[in-house]
1. Sum up the charges of everything whose Cβ sits under 15 Å from the Cβ of Ser73, counting Lys and Arg as +1 and Asp and Glu as -1, but leave Ser73 out.
2. Mind giving me the nanometre distance, one decimal, between the label points for Cys25 and Arg72, set 7 Å out from Cα along Cα→Cβ?
3. Need the full-extension length gain, Arg54 to Glu17, defined as separation in residues times 0.36 nm minus the C-alpha distance. One decimal, nm.
Amino acid sequence: ISELQPSSPPEPLQFPEFVAAVEACLAMDEARQSVLRVFEECDLAGQRRRGLPRDTLLHELEAQRKHHKALRSQQRQDEEQQRQQLEAQRLQADEFAEPRRAAEGEAAGPGRSSSTSTSAAASTVPLAGAAAG
């Protein structure tokens, strides 16, 4: 037993080294859980205790990769379709509003908008105090 004891006392562990060791343990545990999730996802036959044959695992991983790729492609297509629908609705709204804007412009007079004709009319009205003076 005396042979198993160190001849000199161990060096104290510095805090940054301790933090690095704890982070390494946490990372390893997270990686282990990720691997278990992959095996559970691929274990369609419920053979968890016996393990998965290599070819089966690779086949299932490839099938899942293709499935996720197809989902992403479909999502991009859906987003593009929504963008096109919104653009068409915006164009329809602009077409609907254009005759109304034109009618407002004609009511104001040629070359003037309704806001400029109102301000021009207001500036030509004499003030009561100025007429008396």
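1. In short, +2.
2. Going from the Cys25 label point to the Arg72 one covers 3.6 nm.
3. 9.5 nm
Bear in mind that the values in this text are calculations on the coordinates, not laboratory data. Everything quoted here is computed from the prediction, not taken from an experiment. Reconstructed Cβ throughout: ideal geometry from the backbone, glycine too, with neighbour counts over all protein chains shown.
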